[in-house]
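**Q** Okay, here's the structure, questions in a sec.
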Amino acid sequence: MKTMTCIEDLRRTYHRKVPRAFVDYCESGSYSEQTLRANRADLERITLRQRILHDVANRSTKTTILGEPAALPLVLAPVGLTGMQHGDGEILACRAAQAAGIPFTLSTMSICSIEDVAGAVEKPFWFQLYVMKDRGFIRALIERAAAAKCSALVLTVDLQVIGQRHRDIKNGMSVPPEIRIKNLFDIASKPAWALSVLNGKRKTFGNIAGHYPGMANVTVLSKWTAEQFDATLSWKDVEWVKSLWPGKLILKGILDVEDARIAAKTGAAAIVVSNHGGRQLDGAPSSISMLPTIADAVGSDVEVMFDGGIRSGQDIMRAIALGARACLSGRAIIYGLGAAGQPGVARAIEIMRNELDVSMALTGVTSIGDIDRGVIAGMGWFHSSL
Ligand SMILES: Cc1cc2nc3c(=O)[nH]c(=O)nc-3n(C[C@H](O)[C@H](O)[C@H](O)COP(=O)(O)O)c2cc1C
């Protein structure tokens, strides 16, 4: 694992070890993938300010997220189908996050269920909720998350309809994978992956199986998904969820200042500035380019979190400098999981923590609280508003 020195190493190994359909599912963005690319390109345009001869011997990446201590300002983002990237992937990723001292978020569309994960890990985790048409099912999911002592509910608000990912359609993405002539060789050449998935607790959507018995079949799944995502979703539904959820609520998928202002008034504890990793509105701005304005507008009312394109500790520093309290990471964590299971996730977190630590030293800061716009040397798109 020591030779895995950066997230890119984990990504390359992940591509070798996991079947094409699941790699494509992870890597894709919607439509022309313009927003997916912008997330990375805009982060890379932010240059950091090299400072010298500050005593930086005593540094710490520790912080608090929603009032709880965290080893670094990083959270594992909700990622659907994680248990198809590696058998029991949700449990392994959650264990790695908890061992590293940071929160893990379980997706509604996970393979392991809320109860599977709760029974296999030591500490509470966050649960991500999609509000679907069947409100009885959603109410029951919220109750299940509360019974499992989930410590925050992440309500995703940017998926009222689904952005199309071309490769998923071309690959005939299904859960569990459909064995066709086309993908037979691919699956057969990934024995470690096949074994881990075969030995995993489940092969379909753990939170939904039982409620919708036909979910294993791709046609039923597509039909169900298309029918269940609810285009009528409104701020009233946020109130409804809040009335049912006794704990901290996080609204994920905010990319507009006006929406952020409304979100801050709902009583939510935090918002996540996000464009769903470039998987929803293609043509939307990168999330990093929207972060500073949103953080300025609502940062004193709610915790502002950020995701979209985080691949290094330098990226975490960029987002913290522009007003994020913490970053969520989706793909970088999946690269680690697919490359090497739990140790791979642990490695991904460690890589980003070490990079953050060194970047702090070289920009002359010793604590996360010290990271502000002063560590930024320049940034292409709206330098003048800094
Ligand atoms: C394969 C994949 C599946 C995802 N599934 C979900 C999901 O079930 N719920 C959700 O709120 N966000 C989901 N997301 C979005 C992530 O939570 C997060 O916003 C995004 O991955 C951040 O961008 P990054 O991958 O560049 O870190 C998914 C992202 C990916 C890549």
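The values are calculated or read from the model by the stated rules, or taken from the named source; none is laboratory data. What you are looking at is a predicted structure, and each value in this text was computed from that prediction instead of being measured. Here the Cβ positions follow ideal geometry from the backbone for every residue, glycine too, while neighbour counts run over all protein chains shown. All accessible areas refer to the heavy atoms of the entire protein, side chains included, with ligands and DNA or RNA removed. Shrake-Rupley method; radii C 1.70, N 1.55, O 1.52, S 1.80 Å.
**Q** Which value, in debye to the nearest 20, gives the size of the charge dipole of the chain about its Cα centre, when Lys and Arg are +1 and Asp and Glu are -1 at the Cβ?
**A** Values: 44 positive and 38 negative charges, 171 e Å.
Its charge dipole is roughly 820 debye.
**Q** Over every pair of different alpha-carbon atoms in the chain, take the mean of 1/r and invert it; report that Kirkwood radius in Å.
**A** Working: mean 1/r = 0.0476 Å⁻¹.
One decimal place: 21.0 Å for the Kirkwood radius.
**Q** How many lysine pairs are close in segment 75-229, with Cα atoms under 24 Å apart and the two 8 or more places apart or on different chains?
**A** Taking the Cα cut-off of 24 Å, the pair count is 14.
**Q** Test of understanding: in a Gaussian network model of the chain with alpha carbons linked when under 10 Å, which of GLY344, GLY283, GLY313 would top the mean-square fluctuation ranking?
**A** GLY283
**Q** Any idea what the relative contact order of the chain is, in percent, if you count C-alpha pairs under 8 Å spaced at least 6 apart?
**A** Rounded, it is 29 percent for the chain.
**Q** Also, quick follow-up: At 0.36 nm per residue, and after removing the present C-alpha to C-alpha distance, how many nm does the segment from ILE179 to THR266 gain when stretched out fully?
**A** 26.7 nm
**Q** Moving to a separate point now. Among GLN228, GLN314, GLN280, determine the one that fluctuates most according to a GNM of the chain built with springs between C-alpha atoms less than 10 Å apart.
**A** Maximum among the listed residues: GLN228.
**Q** With an 8 Å Cα cut-off and a minimum separation of 6 or more residues, compute the relative contact order for segment 268-344 in percent.
**A** Over segment 268-344, the number comes to 29 percent.
**Q** Springs between alpha-carbon atoms under 10 Å, Gaussian network over the chain: tell me which of HIS54, HIS86, HIS276 tops the mean-square fluctuations.
**A** Result: HIS54 has the largest fluctuation of those listed.
**Q** Quick one: putting +1 on the C-beta of Lys and Arg, -1 on the C-beta of Asp and Glu, what dipole do you get for segment 222-341 around its Cα centre, in Debye to the nearest 20?
**A** 320 debye
**Q** Would you work out the charge dipole size for segment 292-386 about its Cα centre, treating the Cβ of every Lys and Arg as +1 and the Cβ of every Asp and Glu as -1, and quote it to the nearest 20 debye?
**A** Details: 7 positive and 10 negative charges, 61 e Å.
Taking the Cα centre of segment 292-386 as origin, the dipole is about 300 debye.
**Q** At THR366 and ARG37, where each label point lies 7 Å from the Cα along Cα→Cβ, what is the point-to-point distance in nanometres?
**A** Roughly 4.4 nm, to one decimal.
**Q** Next question, about the same structure. From the residues ALA339, ILE376, VAL358, which one has its Cα farthest along the dipole of segment 323-386 in the positive direction, the dipole being from +1 and -1 charges on Cβ of Lys/Arg and Asp/Glu about the Cα centre?
**A** Positive-end residue among those listed: ALA339.
**Q** Still on this structure, please answer the following. Looking at segment 333-373, I'd like the Rg to Rh ratio, where Rg is from alpha-carbon atoms and Rh is Kirkwood's inverse mean 1/r.
**A** Here Rg/Rh amounts to 1.17.
**Q** Which of the aspartates and glutamates could be linked to LYS62 by a straight reach, that is with a Cα gap under 16 Å, when you skip same-chain ones fewer than 8 residues away?
**A** Partners found: GLU350, GLU355, ASP357, ASP370, ASP372.
**Q** Continuing with this model, one more query. Determine, from the Cβ-Cβ distance of ASP296 and LEU48 and an R0 of 30 Å, the FRET efficiency 1/(1 + (r/R0)^6), rounded to the nearest 0.05.
**A** Here the calculated transfer efficiency is 0.90.
**Q** Just for the chain, what percent of DSSP beta bridges are antiparallel, to the closest 5?
**A** In the chain, approximately 20 percent of DSSP beta bridges are antiparallel ones.
**Q** Ok, one more. Give the shape of segment 29-176 as rounded, prolate or oblate, defined through the alpha-carbon gyration tensor: a ≥ b ≥ c are the square roots of its eigenvalues, a/c under 1.5 means rounded, and otherwise the shape is prolate if a/b is larger than b/c and oblate if not. Don't skip to the end; give the middle numbers.
**A** Numbers: a/c = 2.05, a/b = 1.24, b/c = 1.65.
It is oblate, given that a/c is not under 1.5 and a/b is not larger than b/c.
**Q** If each residue of separation counts as 0.36 nm, what is the full-extension length gain between GLN160 and ALA209 once their alpha-carbon separation is subtracted?
**A** Roughly 15.5 nm would be gained on extension.
**Q** Taking all pairs of different Cα atoms in segment 136-192, averaging 1/r and flipping that mean, what Kirkwood radius in angstroms comes out?
**A** Radius from the Kirkwood sum: 15.3 Å.
**Q** On a 0 to 90 degree scale, rounded to 10, what angle separates helix 331-363 from the longest Cα axis of the chain?
**A** 10 degrees
**Q** Roughly how many Å² is the accessible area per residue of the chain, as a whole number, for a 1.4 Å probe?
**A** Counting only protein heavy atoms, the per-residue value for the chain is 42 Å².
**Q** Pairs of alpha-carbon atoms within less than 8 angstrom and 6+ residues apart define the contacts here; what relative contact order does segment 256-386 have, in percent?
**A** 21 percent
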